[in-house]
Amino acid sequence: MPTDWHPAQIEIQYANEDIAKLPLEIISNINERFDCCIDQNGVALLMENEKLWNAIKVLKDKGIRVRFVTALNEGNISFCRQMMRCGEVFHNDKIKGNFQIADGISYLCYIIENEGKITERQQLFHTNTKSFVDIQQYLFDNLCNNATPAKEKIKEIGRGTRSEFADTINEPAEIRKIVTNLLMSARDEILLLFSTAHSFYRAKYGGMLNLLSQVPKDVSVKVLIQAGDDVAKDIIQEELRQSHGQLHVQYITKPLQTKIVTLVVDQATSVAIEVNDDAKKTFEEASGSAIYSNSELTVSSCISIFETLWIRSEFDKQNKIKQAYFQMFKGLELKDEFYSRRWSSEQQKEK
């Protein structure tokens, strides 16, 4: 039910007046966009307000654009990941205070007096005064434009937990352990490249691919496999069908010069495993050394190779569809035919 307020009205409510009711009412009536500026302490508080958070979570499904600007740090990463599922999230170190703007016409601000003290009191400031809301919208847009996407900030924090490294691992058991830990730590994206079909099957029957079923369903998983045989592709597709909800598979038709298995997680860490003998049946027998790294240069290189091969596989798939289409008409003796219509006026003349 819409709020019965007149233009240019300002309202201040206190905690004992159930200040959660007004935001819920405004959010439920949003039509186009919802902008939320929230400081590093307010992120957890937002999640704790179950009714308010549930109302925000459904906005994206309604086609409403949702943007959050916050000060992202190690302590609130898990909360920010949840926000990323609901809309665009940006990091800005200069964030102070908490406010929301609905459809560019309604402004809400949470004010805490005597924060951290026994006499702490929360207030809610609301206005739909156009000139004031326009200024706050301008402020929010500037914060967004000068912010870092949350995904990049999370990668930066991840690299900061350990100094940059590029380790060579020679023991297959240690390589397997690293791959397992990386897969289970994924929060945003997994990129997997198998340069041969045999390397894929070794990973599957060795149990490593079964871990994908334990990866959160909102994590994007892309798998590239070299498989020129259509039968092999169908078998692999069936094998992966139930592995993960967000799994996407592409195939490389031409053999790669280097036999390697590459894993990139969250665009922050990579492991590239050399295949010494592709004829071997087990991972331990076939694998050579591996490069395990969080170096930006190494990880970016792995991502670049993966994306190049992914695009190439897309082109190959499109070309195959075109060839199949034209093959349908091959051998058919299609004749040029001429059709004419005799108009009624002509028929009358002949009579």
For region 10-156, build the charge dipole from Cβ charges (+1 Lys, Arg; -1 Asp, Glu) around the Cα centre, then report which of 30, 108, 126 sits farthest towards its positive end.
30
Find how much the distance from residue 289 to residue 180 grows on full extension, using 0.36 nm per residue of separation minus their present alpha carbon separation; answer in nm with one decimal.
37.6 nm
Rounded, prolate or oblate: pick one for region 10-156, where a ≥ b ≥ c are the square roots of the eigenvalues of its C-alpha gyration tensor, a/c under 1.5 means rounded, and failing that, prolate if a/b is larger than b/c, else oblate.
rounded
Projected-area average for region 128-214 over all orientations - Cα convex hull basis, square nanometres
10.0
If we count every other residue with Cβ under 15 angstrom of residue 54's Cβ, Lys/Arg +1 and Asp/Glu -1, where does the sum land?
+2
Beta bridges by DSSP in region 10-156, antiparallel share as percent, to the nearest 5:
70
Log entry: pair-distance distribution for region 142-187, C-alpha pairs binned every 10 Å from zero, whole % per bin is 20, 38, 27, 10, 5, 0
Burial order of peptide ranges 190-203, 51-64, 283-296 (average beta-carbon count within 10 Å, highest first)
190-203, 283-296, 51-64
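Bear in mind these aren't lab numbers, they're just calculated from the coordinates by the rules spelled out. The structure presented is a predicted model; accordingly, all values stated were derived computationally and were not measured. A quick note on method: Cβ atoms are made from the backbone with ideal geometry, for glycine too, and the neighbour counts reach across all protein chains shown.
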